[in-house]
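Take a look at the structure below.
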Amino acid sequence: MKTNYSDDDVCVIAAGCVLPDAENPSKYWDNIISGKCSVRELPEHKLSKKLYLSKENKEDKTISNYAAFVSDETLKKICEKNKINYSEYNKLHILALEAAKQAIREVNKNSFLAKKASIILGCGWPDERLPDYQMTEEENSLKKHIKKHVNKNPDAAIHLLNDYFKRFKKKLKLPVQHTLTNSVCENIKEKYGIEADGCLIDAACASSLAAIEVSMKKLKSYESDIVITGGIDNFLEPENFVIFSKSGTLSPDRCYPFDKKTKGLVQGEGAVIFVLQRVEDAIKYKNKILGILRSCGCSSDGKYSSLFSPSKPGQIRALKKAYGSLEDKKVDFIECHGTGTEIGDVTELEALNEFFLNSKKKIPIGSVKSIIGHTKGTAGAAGLLKSILAVNNRIIPPSPYFNSMIYNNKNKVFVNKKPIKLNPRKDPIKFGISSFGFGGINYHLILEEFKGNFDVAKKNDKKADEKIVVVAQSYVSAKKSEKYIKKHSFNITPKSLPSIDKLQILAIAAVHEAINKHHIRFDSMEKDRISVISSTCLCSEQMSVLSKRVKHFEIADNFSPLGNKIKKIVLKHKEKFPKITEDAGPGTLNNVIAGRVCNAFNFLGKSFNVDADFNSFVIALQSGITELQSGDSEVVILLGTEEELNKSKTHLKRGGLRCLVLTKLRIAIKQNFEIISEVKVS
């Protein structure tokens, strides 16, 4: 029996990775099958026990220093092998360059010639070095603080401060253009001679699946012919441990997804890169097809109680969208989000049990976070790579750590402790992969085995692009955020306000102003077809502020020769920054600019942030148009931020925020929306 494919079906033709204890996909598979756990204590130079570890979870400290990380030895080997000067690249670049190299070398070179190529990577956090650069901004403020509060021998304290920043700045040799996270796309292009457009997609912990979904759309719309995509993340800085510790989600050691003994999540890092093509082109260029990306469902939680907590209805909506285009809900395995937090695992199980209620067989599930931790922006890609390797090896990997289910309520799913062999059969193997992110975003991707006996049919339903129009617009200045939130609360309490980045507030203000000014009403429209896309460079001002507060422990420790009294005075300087609360996690993330809009207005479509340096708004606009032309969304709300880079300080100065509400012309007419202008992007 032949398997039928459409010419615009998207497939994976290559993969590469650098993950904890896994420098390539082959080693990654060995670790998955053996159940090798890469979680261990971070070395002292990465996270000082003396400065940051507190089993009592004291202010600005963490209960854990455990993570799954890529060792310094592995990085050195990669640099030597690829002739990379470590001083010219940050760790995120090194991980991405190596993973991309592994994937690109498996592709027929002609696939890139005279073809429209794109690089679209998922990334939700900046590189680990960026906060260090921004910490130098506090030098003068600290000097003034010391002169004001140190009465006895202030010159000695100033001398130590000068000495500290002199040594500190010596370590920061990275070229300015490489400090911005999005420069990783340019580095891949330059290093491997690829002409391509590029951007980062930020949907927090769902970033890599969001990037893959955007990539699939670009291929299906023929905007791109080949796409390098996946996920990258290496933000294992003390401030991120403090955020997770403050939220009560961090485990003191290992994580055990779906098991009663789990105590929370453990962080990880790494890069996973894929190359995608349409099936017709993969066959034409004789590229090996590792799997078919059959469909991807996405949803926002909308006006849910918390941007930090998972939502069962939101996850079910994503599942419905993913499986809606399939003849049945049959799936052989689900690689879950499975972070190891009680609320996260129970919510995910509840969603799966409800969605697969009528399934005749129990479905095996697992989570690779049990061995490599939560790699955040890379998490979905790590789950997809695990699934690709499993499908091609025809084995459902085991979870040998598992003992008893955290949730016992007639489960339609189970965690397999031993490998399950997948025997040959006529219909293709199907795996589901889930990834959820702070800000209330949910993705579920379906991977299908590629069958050797096939037919590729031309799609007859390709339609001409429809006109896209702007039906509402607004601009809100940076000064307006605090005044606005006092007038319109939008589920934000005064206590939470100091922990929330101003751009998130500006976004709500801009959308509110646009839809009211132009009398836009969404009452008769499906909320799950209203999506929000923001555009801004990664690393919010609030993330910078939080990092500076936490890093004061390192600065104060430098004053030990002068005694504890001086150390306490220096440490007191951190109080100029807001205290870290439970809201700090979502409050610092760029993708929550869009997520908070969905939360405020109960929009249930997708939400993510585009980072393409200072071309972010244009790329976001193109993504919005593609989203509308696909028919998945009927309205896209586009948010663009004014940004300017101060190169001397490696600091982004942000101004106001612009909002455009986009839809198809025929929908605008049907809804009686005001038509401001037609959108054309060359």
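The numbers here are math on the coordinates, done by the rules we state, and not lab data. Just so it is clear, the structure is predicted and the values come from calculations on it, not from any experiment. FYI the Cβ positions are ideal-geometry reconstructions off the backbone, even for glycines, and counts take in every protein chain you see.
Between R167 and K286, what FRET efficiency follows from the Cβ-Cβ distance if R0 is 56 Å, with the result rounded to 0.05? Approximately 0.55, to the nearest 0.05. Fully extending the segment from E644 to D253 would add 136.7 nm, taking 0.36 nm per residue of separation and subtracting the current Cα-Cα distance.
In the chain, a dipole from Cβ-located charges (positive for Lys and Arg, negative for Asp and Glu) runs towards its positive end, and of H159, I667, S387 it is H159 whose Cα lies farthest in that direction. If you take the Cα centroid of region 370-415 and the Cα centroid of region 265-308, the two points sit 16 Å apart.
In region 353-431, Cα pairs under 8 Å separated by at least six residues give a relative contact order of 40 percent. Full extension of the segment from K58 to D557, taken as 0.36 nm per residue of separation minus the current Cα-Cα distance, would add 177.9 nm. When percent of Cα pairs over 49 Å apart is computed from the coordinates, the matching label among (1) 10; (2) 53; (3) 43 is (1). Residue by residue, region 148-158 carries 3J(HN,Hα) couplings of 7, 10, 9, 7, 9, 6, x, 4, 5, 5, 5 Hz when phi is fed to the Karplus relation 6.51 cos²θ - 1.76 cosθ + 1.60 (θ = phi - 60°); x denotes Gly or Pro.
Neighbour counts of C-beta atoms inside 10 Å place S221, S251, S215, S524 in the sequence S524, S221, S251, S215, starting with the fewest. Rounded to 0.05, the FRET efficiency of the N85 and H159 pair, given R0 = 35 Å and the Cβ-Cβ distance, is 0.55. As a length-normalised measure over Cα pairs under 8 Å and 6 or more apart, the relative contact order of the chain settles at 20 percent. Say R0 is 25 Å: what FRET efficiency, to the nearest 0.05, do K418 and S26 get from their beta-carbon distance? Taking R0 as 25 Å, the efficiency between K418 and S26 is 0.70. Loop-located trypsin sites (Lys or Arg not before Pro) in region 395-458 (DSSP state not H, G, I, E or B) with no more than 15 neighbouring Cβ atoms inside 10 Å: K410, K417, R425, K426, K458.
Given labels modelled 7 Å from the Cα in the Cβ direction, how far is it in nm from R105 to E139? So the label points at R105 and E139 sit 4.2 nm apart.
Model label sites at E327 and S524, defined 7 Å from Cα along the beta-carbon direction, differ in position by 3.8 nm. Here is the list for region 576-682: trypsin sites (Lys or Arg not before Pro) lying in DSSP coil, each with at most 10 other C-beta atoms within 10 angstrom of its C-beta, are K647, K680.
Helix 25-34 and the long axis of the chain differ in direction by around 90°, with both axes built from C-alpha atoms. Among the GluC sites (Glu not before Pro) in region 309-378, those placed in a DSSP loop whose Cβ has at most 10 other Cβ atoms within 10 Å are E327. Dividing the helix sum by the residues of the chain, where each DSSP H run of 4 or more adds -39500 (n - 2.57), gives a mean residue ellipticity at 222 nm of -10500 deg cm²/dmol.
Taken along the Cα-to-beta-carbon direction at a fixed 7 Å, the label points for S71 and L357 span 5.0 nm. Normalising the Debye intensity of region 117-248 to I(0), with uniform scatterers on Cα atoms only, and taking log10 at q = 0.13, 0.16, 0.17, 0.20 Å⁻¹ returns -0.72, -0.91, -0.97, -1.13. Net length available on complete extension from F614 to K261 is 122.5 nm, with 0.36 nm assigned per residue and the Cα-Cα distance removed. For region 130-163, the residues whose amide N sits under 19 Å from a probe point set 7 Å from the Cα of K50 along the beta carbon direction are 160-161, 163.
Measuring nothing but how far apart in sequence close Cα pairs (under 8 Å, 6+ apart) lie, relative to its length, region 88-203 scores a relative contact order of 51 percent.
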